[in-house]
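To start, the structure itself, in C-alpha cells.
The values are calculated or read from the model by the stated rules, or taken from the named source; none is laboratory data. Being a predicted model, the structure only gives us computed values, none of them experimental. Positions of Cβ are generated from backbone atoms using ideal geometry, with glycine treated the same way; all protein chains shown enter the neighbour counts.
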Amino acid sequence: MVKELESKIKKVLEEVKAWQRIPTSVNGVYLVKTPADGSNETIMVEINPINERGTPMKRRGLFLKNTSEFNGFGDIFGNDKVLDLLGTLENISGGEKIKEIKAVEI
C-alpha cells in the first residue's frame, strides 16, 4: 500500500508546478509541491477543512511536513482548554455562529 501511494504521489508531482494544491480523496487534505531545495523536492500536506459551500475555509491551511508536526498540532487541537479559550473569544467579540446554508434542489 505504501509503495503504491508513493508511486501515485511521485507521478502527480511530475505534472504540477511549485505551490500547486493537489486534492486528495480526503476532503480538506491536499498535497502541495514546494520549490526544489537543491536536488530534493519537498512535499507538504495542507489541511484546510471544507466549508458548507464546498470550498476551503481559509486561503491557506495548515502545512505539515512530517508526522511529528501532525502529532504536535493534534495534541493542541485535542486540548479542551484551547476549545474553551476559543469559545470565550467568540463571546467577547460577539462572533455569531455561521448558519448552515442549504443547497437549492434544482
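Of the residues that sit in the range 48-86 and are among the small types (Gly, Ala, Ser) and modelled with pLDDT of 90 or more, which one is surrounded by the most Cβ atoms within 10 Å (Cβ to Cβ)?
Here the answer is GLY61.
Please indicate, with yes or no, whether at least one residue in the range 28-41 is within 20 Å of the chain's Cα centre (by Cα) and not in a strand (DSSP E or B).
Yes: the range 28-41 contains one or more residues that are within 20 Å of the chain's Cα centre (by Cα) and not in a strand (DSSP E or B).
Can you name the residue in the range 1-26 that is more than 17 Å from PHE70 (Cβ to Cβ) and of a type in the set (S, T, N, Q) and is also surrounded by the fewest Cβ atoms within 10 Å (Cβ to Cβ) among such residues?
Checking each candidate, the answer is SER25.
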